[in-house]
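The values are calculated or read from the model by the stated rules, or taken from the named source; none is laboratory data. Bear in mind that the values here come from a model prediction, so they are computed numbers and not experimental data. Counting neighbours? That spans all protein chains shown, and the Cβs are built from the backbone with ideal geometry, glycine included.
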Amino acid sequence: MADVSYLRQFPGSPWMTRALLPALAVEVGCYLASVFTETRNSFALFRPARAQALILWFSALIPYLIFSLGAGTFHSNAFYLLVALTGIFSFWHVILPRRTAYDIGFLVIAAAPFVTRVFSRIYLASDRHVPPEILGQLMWIRVGILALLVLREWEPGPFGFWPTMMEWRTGTLYYCAAILPLAALALGVHDARWAPATGEWWQVGAKAIGTFFGFLWVTTLGEELFFRGFIARALLDRLPSRILAIILSAVIFGAAHLWFRSFPDWRSAVVAALLGVFCGHAYARTGSVRVAMVTHTLVITTWRMLFKV
């Protein structure tokens, strides 16, 4: 049904049904498996750790091959680049010792494809109705999840798709505290302007719900795991001051947004840093990645529905 619907909407894009949709189905399946605790535990049973990394490496390449061969956009140089990137990412914690310097290196590698936007140069398509680099983005997030939580055996606190009632409530309270200062800052530095979504009430409502869960289950899930569950957790464990740990992790989060539009996007970085303070405090207080996810996602949804950046 999805194939027929898409072909009717974009009749000149048959590569979608023979390439992108099958690859996306495989990638989404792998992505879901990386987030569910039960499948991560099953994956952790494979021994030795090199076997886990090898499985992770091969699983990162399969969706690309399904897509690129089906779409006729396979390029050896792009494939070799993907092989190198995913190989380093998958084997990092297997080959290197568990030390702070190497954890920092892992974070740099995790951020690099998003900063450089390299996936748009690897996942190529004949048209741009649906950017195929979403395959690379999903792949990179779930490889990072398994590399961090299974191969590194990192404990970030409660993590997953669906927050508990307490986590929903706490995350919403932090959102209520954050939204006015964030909006004032964004408008003050001209990072955003007031532009509420228009349309029928049910269209606006459906867009808001879709936006919320789309970001909750992909963007903020990955960002909060790495920035709060990994970086903030490490700083909270090592620094004598909780406030200092929250501020430092927020500065790092803000710095990652210097590449949000064109570098150096200091306006987005400043706003993101303030958001990082609220999300970091939510995480420090509860120890739950999901609480920070709720706060972060509510802010993004508000931005998408009420502002234009």
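Looking for something outside the structural domain of Pro113 (by TED's automatic domain parsing) and closer than 24 Å to Thr100 by Cα - is there at least one such residue anywhere in the stretch 296-303? Give the steps one after another, and end with the answer.
The initial filter retains those residues of the stretch 296-303 that are outside the structural domain of Pro113 (by TED's automatic domain parsing), namely 296-303.
Subsequent filtering for residues that are closer than 24 Å to Thr100 by Cα retains none.
Checking the stretch 296-303: not a single residue is outside the structural domain of Pro113 (by TED's automatic domain parsing) and closer than 24 Å to Thr100 by Cα.
Among the residues of the stretch 184-207, is there at least one that is buried (at least 17 other Cβ atoms within 10 Å of the Cβ) and part of a helix (DSSP H, G or I)?
Residues of the stretch 184-207 that are buried (at least 17 other Cβ atoms within 10 Å of the Cβ), as a first pass: 185-186, 191-192.
Remaining after also requiring part of a helix (DSSP H, G or I): 185-186.
Yes, the stretch 184-207 contains a residue that is buried (at least 17 other Cβ atoms within 10 Å of the Cβ) and part of a helix (DSSP H, G or I).
Is there any pair linking a residue in the stretch 33-54 that is within 20 Å of Leu138 (Cα to Cα) to one that is at pLDDT below 95 and surrounded by 14 or more Cβ atoms within 10 Å (Cβ to Cβ), with Cβ under 7 Å and at least six apart or on different chains, and which?
Gln52/Phe46
Could you list all residues from the stretch 249-296 that are over 17 Å from Ala186 (Cβ atoms) and surrounded by 24 or more Cβ atoms within 10 Å (Cβ to Cβ)?
Result: Ser249, Gly280, Ala282, Tyr283, Ser288, Val289, Arg290, Val291, Ala292, Met293, Val294.
With the requirement that a residue be among the small types (Gly, Ala, Ser) and under 22 Å from Thr164 (Cβ atoms), what does the stretch 207-240 give you?
Matches in the stretch 207-240: Gly214, Gly222, Gly229, Ala232.
Sort through Leu274, Leu258 and tell me the only one that's more than 16 Å from the chain's Cα centre (by Cα), among the hydrophobic types (A, V, I, L, M, F, W, C) and under 27 Å from Met166 (Cβ atoms).
Values: Leu258 fails: under 27 Å from Met166 (Cβ atoms).
When all the criteria are applied, what remains is Leu274.
Please count how many residues of the stretch 151-176 are within 18 Å of the chain's Cα centre (by Cα), among the aromatic types (Phe, Trp, Tyr) and under 18 Å from Phe213 (Cα atoms).
Here the count works out to 3.
May I ask you to verify whether Thr17 is modelled with pLDDT under 95, surrounded by 13 or more Cβ atoms within 10 Å (Cβ to Cβ) and of a type in the set (Ser, Thr, Tyr)?
So Thr17 passes the test.
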